[in-house]
Amino acid sequence: MHCKVPLLSAAECDQITATLRQLPWQEGHAPGGLYREKIKRNQEIALEMSPETKVADDIMATISRKLMANADVRNKTFAKTLVNPRFNLCENSGFYAKHADSAFLGNQRQQVRTDISLTLFLSDPDSYQGGELSLQYACGDAQLIKPAKGCVVFYPSGVMHEVKPVTNGQRICFVGWIQSHIQDPQNRSILSEITTLCDDMMADPNLALGDLHTRAQNIKHNLFRRWWQNHN
């Protein structure tokens, strides 16, 4: 399914959005006019978009470092690479209709497999109407997500999803894609669960480094040996 991790403070989000509002934005990247008309109607600041958006590049780099260094993010995604970060803006009924993310992103030098998509919400949810992230699973289940600012949401890149139209206000987010060392989402979930279990046992003086803890640690490491991927 999906997971949420608090990453930035409200004050950090306010500072970022205030800075971004002063910068030039461009129409969201789309493969042709029909796609822009039917699927994607938003604005973006992509990495290295222009000299005028250099300050946005620096903010993206800071957010990327915080993501990759965060213990909860590491234990949920087992991230190897973060690719194609960008800011997006929806306003005036802007939207991103139901779509599938590309299996590979990057540049001419390197294409990276997309295992996990992420959205970091930077705008206060009460400051705009609509704009929910909708995840639509093959089984028929759907989830509408509109968390507090500063919260990052992770979900499998193979899940169909959309951003509902923003009918009032501005929705500003940071988005990116992760290649995980653990490609299979079910295996990632199992490893995340046992890693959290081992951490919780280590924090309990009655369980830390006891027989149950060391056995759980052994199972965890054996699963890492089985599933960890270093190659592209």
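The values are calculated or read from the model by the stated rules, or taken from the named source; none is laboratory data. Quick caveat, the model's predicted, so the values are computed rather than measured. Here the Cβ is made from the backbone with ideal geometry for all residues, glycine too, and neighbour counts use every protein chain on show. These accessible areas exclude ligands, DNA and RNA; they are computed on the full protein's heavy atoms, side chains included. Shrake-Rupley method; radii C 1.70, N 1.55, O 1.52, S 1.80 Å.
Could you name the aspartates and glutamates whose alpha carbon sits less than 14 Å from that of Lys40, not counting residues in the same chain fewer than 8 places away?
Of all the aspartates and glutamates, those that pass the test against Lys40 - Cα under 14 Å, at least 8 places apart if same chain - are Glu27, Glu91, Asp101, Glu162.
Skipping prolines and chain starts, which residues have an amide H placed within reach, meaning under 5 Å, of the one on Gly176, given they are 5 or more residues away or on another chain?
Sorted by chain and number, the residues that satisfy this are Leu118.
Kindly write out, for the stretch 33-45 in residue order, the coupling ³J(HN,Hα) from the Karplus curve 6.51 cos²θ - 1.76 cosθ + 1.60 (θ = phi - 60°), rounded to whole Hz, with x marking Gly and Pro.
The phi angles translate into x, 5, 5, 5, 6, 9, 10, 10, 10, 8, 10, 9, 10 Hz.
How do Phe224, Phe78 stack up against each other in accessible area, from largest to smallest, with a 1.4 angstrom probe?
Working: Phe224 40, Phe78 15 Å².
Accessible-area ranking of Phe224, Phe78, largest first: Phe224, Phe78.
If you roll a 1.4 Å probe over the heavy atoms of the protein chains, what accessible area per residue do you get for the chain, in Å²?
53
Can you list the lysines whose alpha carbon is less than 20 Å from that of Lys38, not counting same-chain residues fewer than 8 positions off?
Reachable lysines: Lys98, Lys164.
Using only the heavy atoms of the protein chains and a 1.4 Å probe, how would Leu47, Leu120 rank by accessible area, largest first? Walk me through the intermediate numbers first.
Values: Leu47 85, Leu120 0 Å².
Of Leu47, Leu120, the descending order of accessible area is Leu47, Leu120.
Mind checking the stretch 42-141 for GluC sites (Glu not before Pro) that DSSP puts in a loop (not H, G, I, E or B) and that have at most 14 other Cβ atoms within 10 Å? Display every interim value, and only then the final one.
On the way: sites: Glu44, Glu48, Glu52, Glu91, Glu132; in loops: Glu48, Glu91, Glu132.
Within the stretch 42-141, the qualifying GluC sites (Glu not before Pro) (loop, at most 14 other Cβ atoms within 10 Å) are Glu48.
Which shape class, rounded, prolate or oblate, goes with the stretch 1-131 when its Cα gyration tensor gives a ≥ b ≥ c as root eigenvalues, a/c under 1.5 marks rounded, and past that a/b bigger than b/c marks prolate?
rounded
Return the long-range amide H neighbours of Ala97 (sequence gap of 5 or more, or a different chain), with a cut-off of under 5 Å between placed amide H atoms.
Here Lys40, Arg41, Val163 satisfy the definition.
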